[in-house]
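Okay, structure first, notes after.
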Amino acid sequence: MELKNKNVFITGSSRGIGLAIAHKFASAGANIVLNGRGQISDDVLAEFAGYPIKVVAISGDVSDGTDAKRMVEEAIVALGSVDVLVNNAGITRDKLMLKMTEEDFEQVLKVNLTGAFNMTQAVLKPMTKARQGAIINLSSVVGLTGNVGQANYAASKAGLIGFSKSVAREVAARNIRVNVIAPGFIESDMTDGLPEKIKEASLAQIPMKRFGNTGEVADVALFLARQEYLTGQVITIDGGLTMQ
Ligand SMILES: NC(=O)c1ccc[n+]([C@@H]2O[C@H](COP(=O)([O-])OP(=O)(O)OC[C@H]3O[C@@H](n4cnc5c(N)ncnc54)[C@H](OP(=O)(O)O)[C@@H]3O)[C@@H](O)[C@H]2O)c1
């Protein structure tokens, strides 16, 4: 898909990987919807001042179906369409299974998996009418391999893969493509808070001996949006961590 003047909604783009994805699409000439539960800060908005594009900030909670619908409607009023949806918003509530509460499990599923469902459902009708669209879902290598202390997160990220492949099959004939990015360890707020011991142990497992950066993940998102014959795929970007 040629991205110039297309409209891209990136959930969870107030910081981290989502913000890097927003910059990548903006530099390709696409209009951007920035989103987070909180208000998008003036500093973040100022980062986009130099691009000759429209930038719209729409706050809201993807885990709430009504809010997701409202956000997509607002985006369509502001920009005319949503041509690309990036389901990037995600949270962790890490705990060993024996200590994990039902609430820890449900909260993570609700944002990471139900959130993607809500947003996808809200964009699909207009995309189907337009006979064009790309949906990119942020999973994780943890959804492929599992991880100690992340039964909730891994379940949500594995679920996203099955969800994406199912929707990809349903909408392929309408020229709507659905793909998944499964990053490994990427430097962001989500990983900054991890104990040094865990970071060192993770680094030792990565063949490339470094963590990824948000821009590298954003490059994959741009590639997936552009490639017109690519659907139902999971692209891992993890420095070789899960290579087989
Ligand atoms: N960093 C990694 O190593 C890594 C690895 C694999 C996969 N991933 C995945 O990549 C995605 C981005 O990760 P990140 O590291 O950039 O995370 P992050 O720095 O923690 O940022 C998360 C973003 O999601 C937003 N968000 C959280 N809950 C939301 C909700 N209910 N509705 C709307 N927005 C919400 C946050 O904004 P507010 O707080 O304002 O809501 C923020 O903008 C996540 O899906 C994550 O699971 C990350």
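Listed values, structure above:
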{"item": "Evaluation of Lys157 against (1) of a type in the set (Lys, Arg); (2) within 15 Å of the chain's Cα centre (by Cα); (3) farther than 25 Å from Gly232 by Cβ (one fails), failing number", "result": "(3)"}
{"item": "Members of the range 131-152 found to be part of a loop (DSSP other than H, G, I, E, B) and either within 12 Å of the ligand (Cβ to nearest atom) or not polar (S, T, N, Q) (or both), listed by number", "result": "Arg131, Ser139, Ser140, Val141, Gly146, Asn147, Val148, Gly149, Gln150"}
{"item": "Test: residue in the range 191-199 that is over 21 Å from Phe117 (Cβ atoms) and acidic (Asp, Glu)", "result": "yes"}
{"item": "When residues of the range 27-54 are limited to those that are free of Cβ contacts under 8 Å to residues at least 40 places away in the same chain and among the polar types (S, T, N, Q), the one farthest from the ligand (Cβ to nearest atom)", "result": "Ser27"}
{"item": "Check on Thr128, within 15 Å of the ligand (Cβ to nearest atom) and either under 25 Å from Leu222 (Cβ atoms) or touching a residue at least 24 places away in the same chain (Cβ under 8 Å) (or both)", "result": "no"}
{"item": "Inter-residue pairs, beta-carbon under 7 Å, first within 14 Å of Arg93 (Cβ to Cβ) and within 10 Å of the ligand (Cβ to nearest atom) and in the range 110-124, second of a type in the set (Lys, Arg) and modelled with pLDDT of 95 or more, 6+ apart", "result": "Asn112/Lys157"}
{"item": "Some residue of the range 137-146 being of a type outside the set (A, V, I, L, M, F, W, C), surrounded by fewer than 17 Cβ atoms within 10 Å (Cβ to Cβ) and within 20 Å of Asp94 (Cβ to Cβ)", "result": "yes"}
{"item": "Residue pairs meeting the criteria (Cβ under 9 Å; at least 6 apart or on separate chains; first more than 18 Å from Ile21 (Cα to Cα) and without any contact (Cβ under 8 Å) to a residue 24 or more places away in the chain, in the range 199-219; second within 12 Å of the ligand (Cβ to nearest atom) and aromatic (Phe, Trp, Tyr))", "result": "Lys199/Phe185; Lys199/Phe211; Ser202/Phe185; Ser202/Phe211; Leu203/Phe185; Leu203/Phe211"}
{"item": "Residue, nearest to Ile32 (Cα to Cα), within the range 81-126, restricted to residues that are acidic (Asp, Glu) and in contact with a Lys or Arg (Cβ under 7 Å, 6 or more places away or on another chain)", "result": "Asp83"}
{"item": "Candidates Asp104, Asp94, filtered to the one that is acidic (Asp, Glu) and more than 13 Å from the ligand (Cβ to nearest atom)", "result": "Asp104"}
{"item": "Residue in the range 163-176 that is buried (at least 22 other Cβ atoms within 10 Å of the Cβ) and under 14 Å from the mean Cα position of the chain (by Cα) present", "result": "yes"}
{"item": "Residues located in the range 199-233, provided they are over 16 Å from Phe185 (Cα atoms) and either crowded, with 17+ Cβ neighbours inside 10 Å or of a type in the set (Gly, Ala, Ser) (or both)", "result": "Ala221, Leu222, Leu224, Ala225, Thr231, Gly232"}
{"item": "Where a residue in the range 143-155 is touching a residue at least 24 places away in the same chain (Cβ under 8 Å) and basic (Lys, Arg) and its partner, wherever it lies, is within 14 Å of the ligand (Cβ to nearest atom) and not in a helix (DSSP H, G or I), with Cβ under 8 Å and at least six apart", "result": "none"}
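The values are calculated or read from the model by the stated rules, or taken from the named source; none is laboratory data. All of these numbers come straight from a predicted model, not from anything done at the bench. In this analysis, Cβ positions are derived from the backbone assuming ideal geometry, glycine residues included, and neighbour counts consider all displayed protein chains.
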